[in-house]
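The values are calculated or read from the model by the stated rules, or taken from the named source; none is laboratory data. The structure displayed is predicted, hence computed values, not measured ones. Every residue, glycine as well, gets a Cβ built from its backbone with ideal geometry; the counts of neighbours run over all protein chains shown.
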Amino acid sequence: MQHDQKYTGQDFKVVGTRPNRPDGIDKVTGRARYGADMSAPGQLVGLMLRSPHAHAKIVKIDTSRAEKLAGVKAVLTSADLPDLTNGNAGDYATLENCMARDRALYDGHAVAAVAAIDKSTAKKALKLIKVTYEKLPHVTDVDEALKKGAPQIQPACDGNLGGRYEFGHGDIEAGLKEADVVIEKSFKTGQTHQGYIEPHACLATVGPDGSGELWVTTQGHFTYRNVCATLLGMDIAKLKVTSSEIGGGFGGKTHVWIEPVALALARKANRPVKMVMSREEVFKGSGPTCASSMDVKIGAKKDGTITSAFIECRYSDGAFPGIWGMLGGMTAWACYDLKNCKSVGVDVLVNRPKVAAYRAPSAPMMAFGVESTMDMLAKELDMDPVQLRLKNVAREGTQSSYGPVYGPIGIEPTLEAVRDHPHMKAPLGKNQGRGMACGFWFNIGGQTCSDLNIGVDGTVNLTVGTIDVGGARASLSLIAAEELGISYDDVKTTIGDTNSLGHNDTTEGSRGTFSSGMATIFAAREAIEVMKGRAAQMWGIPVEAVSWENGHAVATGAEHGNLPPLSLKEIAAESPKTGGPIAGHHEVTADGSGVSFASHIVDVEVDPETGRTQVLRYTVVQDAGKAIHPDYVEGQFQGGAAQGIGWALNEEYIYGEDGCLQNAGFLDYRIPVCSDLPFIDTKILEIPNPNHPYGIRGVGETSIVPPLAAIGNAVSNAVGVRLNQVPMSPPRILKALEDA
Amino acid sequence: MQVGLSGPLRAAANGEASINIEAETIRELLNHLLERYPAMQQHMDIGIAVSIDGAIYRDNWATRIPEGSEVFLLPRIAGG
């Protein structure tokens, strides 16, 4: 059934409140089951053998000694994973990344796997596999990889160019001629990992009839099912995937890594196989975000009007081409109303792991270049940086830098909120600096399917297929309660397995509450139609004479108006005698997601002796469209800012001359801990998305976009020298001070 | 109606930044686009998103395009 998705501006009774999340007690008591918490009788332990070389030809793999070891039940190489991808380049890249074929393309690339009765035996078996490598020249730096003569990583690519994407409008050269001031600067960002605490883990079973089951930590169990079935030649309907609780994903659990291998091992061994990545494997063998290198040029008139804006950003995709340059190119100038702008996103192959999405993928790098240069321009013009941005801000009706004309958007209100925030007026001390920056992200919708079932006691089971990565079960329970007119406590939301619902796209692109929220609204409305029919039956009146108000069926019209309303619980109690179970169901392609903007303020103190930066105060202002559960909206704002702080100050993949990763662990790759962070203050703005009944926009990603630049601006203001490379680690700050 | 093309799609449409196509739905729009510019198939395989009056549609090809709408074609967007 088609429903009108347009925003209606309805008043809310339950939505917007802050009840406890339904999964909270399980998580704090340890009862919640994550990827590694499931076991099966007779299960084996699966382990992966990984390349110690950055780039090498695999001459031969001898598994004979491992196969003979007592307790080993299966050994796997690429020979066990034939190419069934039917010419699909993306699927083939996934297959090759899960298990190297003729070449190992990065340090940590999987080359073989074993399944054995215990971990100790599996480890011994790995040592017995003899791989003969022929080392090849490697390249891990994004700019070096584009130079003539650099080692070529994928034969099908032009050098190591994975793709080049241009966006914009107008004439940037003509715009430069109009400019009174031109600022030009180059920037770099380090490669970072999403840093989810739970490693990749799964339990795979394949029966003799070819039917399989996979228990897995993932952001998209339907996608995992489809990809694994394709790679292994299984029928989609014969592979049931159940998602565990997820201990963080942030984009890194949108792709398969060990899962097809675990299923292939289980099929070969005819026993369940459990695989759990070590932290070192997570760093080396899963998908971090890109490193980047970029050049920015902005021209402006003396009054601050930008006449020309250009950026080219080169993204290191790892060993396989991705869409990261394209995504970054679309986001670069999205906050501004520009007559002449151009952004170029370039995908570059390097001998590093296959990059995966990381929260607003590619946007933080572009924002670092753009928003840093905006601050440099403000300084040159002797203009307040917020005023400069407001002078050029995009509004409803502006042609975006990526093409379309904007509908109602929130960048101007976020900037005004920043301008008026007490944080901006608080005094600063010695060695302290303040910075601000803006950010943009698209958000997406996608395929979604939800079921809502009402028990005879009037409580409600809502089953959705989008993974709950940040409190979505609470938000969706609120939405169901709002629609049905019942208490939040009467709704229990669970994530269904792949056999229980139609396809749901992966929880990525900040789509979970937007799309499952829409499906929940319409599933509830369908259930209400059923209940109106049941009430009409109980009263013996036409269904047309029944309306639904505040959780009750109400008889309308002069003829029936004296009938007392029937509550949802009363109707549910009678359901066995009025037609059986009461349910609502909805499937939808939830398009029309609203774009999202944020502006951040940060204060830092830099120790000039050590170069260490302490974040003193941080404020996030972001447009949520409608905050269904404000606690979890604020949690997303804070989480993105915290990850951005780590990216800005500490986090970075460090490669040696040998092309091998030198800091594959949390001791040497330092994500922020509590003592590194102040309380992150938030301000939620609500500019409704016109294409969602409740006005919802995605909120999960935009908050990681501004921090790199906001902190860069703050540090530069604190030390008086422009920092143009993240992470702004103590040695880099000291060097910048020395060079000044 | 005039349909804007974002940078990466222009090469497949002989470098045009904007083209004229008559269509009532996204499906009709994309079908006519492909008939006229077969090179657009490579972008269709990866995915094309359609912006209608600023709202982005990635998948629902049955979506009607209101008369007078601002229509812009983009590469398909993903996220984390």
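For the stretch A:336-346, the condition of being more than 30 Å from A:Lys177 (Cα to Cα), assigned by TED's automatic domain parsing to the domain that holds A:Leu388, touching a residue at least 12 places away in the same chain (Cβ under 8 Å) and crowded, with 24+ Cβ neighbours inside 10 Å holds for none of the residues.
Residue-level check: of (1) surrounded by fewer than 17 Cβ atoms within 10 Å (Cβ to Cβ); (2) within 14 Å of chain B (Cβ to nearest Cβ), A:Glu173 misses just (2).
Working carefully through the options A:Val348, A:Val344, A:Val296, find the one that is outside any loop (DSSP other than H, G, I, E, B) and within 13 Å of chain B (Cβ to nearest Cβ).
On the way: A:Val348 fails: within 13 Å of chain B (Cβ to nearest Cβ); A:Val296 fails: within 13 Å of chain B (Cβ to nearest Cβ).
The conditions single out A:Val344.
Only a single criterion out of (1) closer than 21 Å to A:Cys438 by Cα; (2) at pLDDT below 95 is not satisfied by A:Val699, namely (2). Just one of (1) charged (D, E, K, R); (2) surrounded by fewer than 19 Cβ atoms within 10 Å (Cβ to Cβ); (3) within 8 Å of chain A (Cβ to nearest Cβ) fails for B:Arg58. It is (2).
Output the residues belonging to the stretch A:567-609 that are on the phi > 0 side of the Ramachandran plot and surrounded by fewer than 19 Cβ atoms within 10 Å (Cβ to Cβ). Within the stretch A:567-609, A:Gly579, A:Gly580 qualify.
Is it fair to say A:Ser477 is more than 30 Å from A:Asn713 (Cα to Cα), buried (at least 24 other Cβ atoms within 10 Å of the Cβ), away from chain B (no Cβ under 14 Å) and modelled with pLDDT of 95 or more? Yes, satisfied.
Just one of the numbered conditions (1) closer than 26 Å to A:Gly163 by Cβ; (2) more than 10 Å from the chain's Cα centre (by Cα); (3) within 12 Å of chain A (Cβ to nearest Cβ) is not true of B:Val3: (2). If only residues of the stretch A:727-740 that are part of a helix (DSSP H, G or I) and in contact (Cβ under 8 Å) with a residue 40 or more places away in the chain are counted, the one that is surrounded by the fewest Cβ atoms within 10 Å (Cβ to Cβ) is A:Pro731. Candidates in the stretch A:688-718 are the residues that are touching a Pro at 6+ places or on another chain (Cβ under 9 Å) and among the polar types (S, T, N, Q); of these, the one that is farthest from the other protein chains (Cβ to nearest Cβ) is A:Asn713.
Taking the stretch A:587-618 on its own, how many of its residues are more than 14 Å from every other protein chain (Cβ to nearest Cβ) and either touching a strand residue (DSSP E or B) at 6+ places or on another chain (Cβ under 6 Å) or under 30 Å from A:Thr463 (Cβ atoms) (or both)? Walk me through how you get there before you give the answer.
First, pick out the residues of the stretch A:587-618 that are more than 14 Å from every other protein chain (Cβ to nearest Cβ): A:598-618.
Next cut, either touching a strand residue (DSSP E or B) at 6+ places or on another chain (Cβ under 6 Å) or under 30 Å from A:Thr463 (Cβ atoms) (or both) only: A:598-606, A:613-618.
Selection size over the stretch A:587-618: 15.
Regarding A:Thr466, is this residue surrounded by 24 or more Cβ atoms within 10 Å (Cβ to Cβ), within 21 Å of the chain's Cα centre (by Cα) and touching a residue at least 40 places away in the same chain (Cβ under 8 Å)?
Details: surrounded by 24 or more Cβ atoms within 10 Å (Cβ to Cβ): yes; within 21 Å of the chain's Cα centre (by Cα): yes; touching a residue at least 40 places away in the same chain (Cβ under 8 Å): yes.
In short, yes.
Of everything in the stretch A:682-726 that's part of a loop (DSSP other than H, G, I, E, B) and of a type in the set (Lys, Arg), which residue is nearest to A:Val595 (Cα to Cα)? Only one residue tops the list, namely A:Arg697. Just to be sure, is A:Ser450 closer than 30 Å to A:Glu526 by Cα, of a type in the set (Gly, Ala, Ser) and in a helix (DSSP H, G or I)? It is false that A:Ser450 is closer than 30 Å to A:Glu526 by Cα, of a type in the set (Gly, Ala, Ser) and in a helix (DSSP H, G or I).
Pull up the stretch A:385-404, narrow it to residues that are more than 17 Å from A:Ser596 (Cβ to Cβ) and aliphatic (A, V, I, L, M), then point me to the one that is nearest to the other protein chains (Cβ to nearest Cβ). Talk me through it step by step, then tell me what you get.
Looking only at the stretch A:385-404, we keep the residues that are more than 17 Å from A:Ser596 (Cβ to Cβ), and these are A:385-388, A:390-392, A:397, A:399, A:403.
Now restrict to residues that are aliphatic (A, V, I, L, M): A:386, A:388, A:390.
On the way: A:Val386: 25, A:Leu388: 25, A:Leu390: 21 Å.
Of everything passing the filter in the stretch A:385-404, A:Leu390 is nearest to the other protein chains (Cβ to nearest Cβ).
Scanning the stretch A:310-322 for any residue that is within 13 Å of chain B (Cβ to nearest Cβ), crowded, with 24+ Cβ neighbours inside 10 Å and more than 19 Å from A:Lys284 (Cα to Cα) turns up nothing. Name the residue that is nearest to the chain's Cα centre (by Cα), counting only residues in the stretch A:504-549 that are without any contact (Cβ under 8 Å) to a residue 60 or more places away in the chain and closer than 30 Å to A:Gly594 by Cα. Among those that are without any contact (Cβ under 8 Å) to a residue 60 or more places away in the chain and closer than 30 Å to A:Gly594 by Cα, it is A:Ile528. Only one entry of A:Thr192, A:Thr223 meets the criterion of being surrounded by 22 or more Cβ atoms within 10 Å (Cβ to Cβ), within 14 Å of chain B (Cβ to nearest Cβ), touching a residue at least 24 places away in the same chain (Cβ under 8 Å) and under 30 Å from B:Gly7 (Cα atoms), and that entry is A:Thr192. Within the stretch A:351-391, the residues that satisfy the criterion of being crowded, with 21+ Cβ neighbours inside 10 Å, part of a loop (DSSP other than H, G, I, E, B) and of a type outside the set (Lys, Arg) are A:Asn351, A:Pro353, A:Val355, A:Ala356, A:Ala357, A:Tyr358, A:Ala360, A:Pro361, A:Ser362. When A:Ser243 is tested against (1) crowded, with 24+ Cβ neighbours inside 10 Å; (2) within 14 Å of chain B (Cβ to nearest Cβ), exactly one condition is not met: (2).
All conditions in (1) within 14 Å of chain A (Cβ to nearest Cβ); (2) touching a helix residue (DSSP H, G or I) at 6+ places or on another chain (Cβ under 8 Å); (3) of a type in the set (Ser, Thr, Tyr) hold for B:Ser18, with the sole exception of (2).
Across the stretch B:42-54, the qualifying residues are those that are crowded, with 22+ Cβ neighbours inside 10 Å and within 8 Å of chain A (Cβ to nearest Cβ), and the one among them that is modelled with the highest pLDDT is B:Ser51. The residue list A:Gly42, A:Gly46 contains one member that is touching a residue at least 60 places away in the same chain (Cβ under 8 Å) and on the phi > 0 side of the Ramachandran plot, which is A:Gly42. Within the stretch A:409-420, one or more residues are facing chain B (nearest Cβ under 10 Å) and not in a strand (DSSP E or B).
So in the stretch A:146-183, with the set limited to residues that are under 29 Å from B:Leu5 (Cα atoms) and among the acidic types (Asp, Glu), which one is nearest to the chain's Cα centre (by Cα)? Spell out the reasoning first.
Here is the first cut: in the stretch A:146-183, the residues under 29 Å from B:Leu5 (Cα atoms) are A:146, A:156-179.
Applying the additional criterion that residues be among the acidic types (Asp, Glu) yields A:158, A:166, A:171, A:173, A:178.
Details: A:Asp158: 30, A:Glu166: 24, A:Asp171: 34, A:Glu173: 36, A:Glu178: 40 Å.
Filtering the stretch A:146-183 for residues that are under 29 Å from B:Leu5 (Cα atoms) and among the acidic types (Asp, Glu), the one nearest to the chain's Cα centre (by Cα) comes out as A:Glu166.
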